[in-house]
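Following: one structure in structure tokens, then a few remarks.
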Amino acid sequence: MDYYDRAAELEALSRDIALATRKQEGPAPTGYCLNCGETVSPGHRWCEVACREDWEARRRAKREAPCAEC
Ligand SMILES: [Zn+2]
């Protein structure tokens, strides 16, 4: 194994670690699209990209809106 193989291996390893420890943002997958309620494959949270973007836009708007309670 030469230097470059080793470097590539290390890079792949650190990428795996980063993926494994990456915090998943938002709610856990429920089996249903979080935007429209459509059934999705296990581990997925939206049925399509448009739904995810919709949901994220709504969440962002909610977060930026002034609090109604206080
Ligand atoms: Zn959907």
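The values are calculated or read from the model by the stated rules, or taken from the named source; none is laboratory data. Given the structure is predicted, the values throughout are model-derived calculations rather than measurements. Virtual Cβ from ideal backbone geometry, glycine too; neighbours counted across all protein chains shown.
The criterion of being surrounded by fewer than 11 Cβ atoms within 10 Å (Cβ to Cβ) and not in a loop (DSSP other than H, G, I, E, B) holds for Arg60. Hey, can you tell me all the residues within region 20-68 that are in contact with a helix residue (DSSP H, G or I) (Cβ under 8 Å, 6 or more places away or on another chain) and either at pLDDT 90 or above or not small (Gly, Ala, Ser) (or both)? Of everything in region 20-68, those that are in contact with a helix residue (DSSP H, G or I) (Cβ under 8 Å, 6 or more places away or on another chain) and either at pLDDT 90 or above or not small (Gly, Ala, Ser) (or both) turn out to be Cys33, Leu34, Asn35, Cys36, Glu38, Arg45, Trp46. May I ask you to verify whether Thr30 is without any contact (Cβ under 8 Å) to a residue 12 or more places away in the chain and of a type in the set (S, T, N, Q)? Against the criterion (without any contact (Cβ under 8 Å) to a residue 12 or more places away in the chain and of a type in the set (S, T, N, Q)), Thr30 does not qualify.
Looking across region 24-48, the residues that are of a type in the set (A, V, I, L, M, F, W, C) and near the ligand (Cβ under 10 Å from one of its atoms) come down to Cys33, Leu34, Cys36, Val40, Trp46, Cys47. Note on region 1-57: residues that are among the β-branched types (Val, Ile, Thr) and not in a loop (DSSP other than H, G, I, E, B) amount to 4.
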